[in-house]
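J.: One structure, as structure tokens, below. Some questions next.
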Amino acid sequence: MIEGTILGPNLTLRTLTLVHYDGQGRFTGKDFVVVGGNPPAEEWRLSSGTYTVNPDCTGSALVEVAPGNPPLGYHFIIVDSGRKILLVVNGNAIREIAHRVDDDDAD
């Protein structure tokens, strides 16, 4: 779950997201984003992007967004033996705590 505030317009953000990191620097996922209490027009939005993990379990990622817009960046730390990711979105007051889901749990 991603929670925070979009700075500028000061809108609350709540997001559910499911992401698959391929171990080769690319990821794909889908999310459901509620901004300012308003549900999205699109039920589940697909996403993809790139990521880098450092030897000390820190890393960063870029989410590809709609054409003509810059990618959305975030930084993260992998903790709990890879079962959890703590992250913050660059440029906004948005944070996430992600939990690992095994492939058989996601179905």
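J.: Those residues that are under 18 Å from Val63 (Cβ atoms), assigned to a strand (DSSP E or B) and of a type outside the set (Lys, Arg), I need them from the stretch 1-17; list them, please.
T.: Hits for the stretch 1-17 are Ile2, Glu3, Gly4, Ile6, Leu13, Thr15, Leu16, Thr17.
J.: For the stretch 1-18, check the following and say yes or no: at least one residue is modelled with pLDDT under 90 and basic (Lys, Arg).
T.: no
J.: When you look at Ala61, is it small (Gly, Ala, Ser) and touching a Phe, Trp or Tyr at 6+ places or on another chain (Cβ under 6 Å), yes or no?
T.: yes
J.: A follow-up question, please. Any residue at all in the stretch 51-62 that is outside any strand (DSSP E or B), on the phi > 0 side of the Ramachandran plot and not small (Gly, Ala, Ser)?
T.: yes
J.: Select from the stretch 58-104 the residues that are of a type in the set (Gly, Ala, Ser) and at pLDDT 95 or above and write down the one among them that is nearest to Arg26 (Cα to Cα).
T.: In this case the residue turns out to be Ala61.
J.: Taking the residues in the stretch 18-48 that are in a strand (DSSP E or B) and among the charged types (D, E, K, R) as candidates, determine which candidate is farthest from Leu7 (Cα to Cα).
T.: It comes out as Arg26.
J.: Next up: Tell me the residue from Gly29, Gly4 that is surrounded by 12 or more Cβ atoms within 10 Å (Cβ to Cβ), within 21 Å of Asp102 (Cβ to Cβ), out of contact with any Asp or Glu (no Cβ under 7 Å at 6 or more places or on another chain) and small (Gly, Ala, Ser), please.
T.: Gly29
J.: For the stretch 50-107, give me the residue count where each residue is touching a residue at least 60 places away in the same chain (Cβ under 8 Å) and exposed (fewer than 12 other Cβ atoms within 10 Å of the Cβ).
T.: 1
J.: Counting only residues that are among the β-branched types (Val, Ile, Thr) and in contact with a Leu (Cβ under 7 Å, 6 or more places away or on another chain), how many does the stretch 51-88 have?
T.: Within the stretch 51-88, residues that are among the β-branched types (Val, Ile, Thr) and in contact with a Leu (Cβ under 7 Å, 6 or more places away or on another chain) number 4.
The values are calculated or read from the model by the stated rules, or taken from the named source; none is laboratory data. Not measured: the values here are computed from a predicted model. Heads up, the Cβs are rebuilt from the backbone with ideal geometry, glycines too, and the neighbour counts pull from every protein chain shown.
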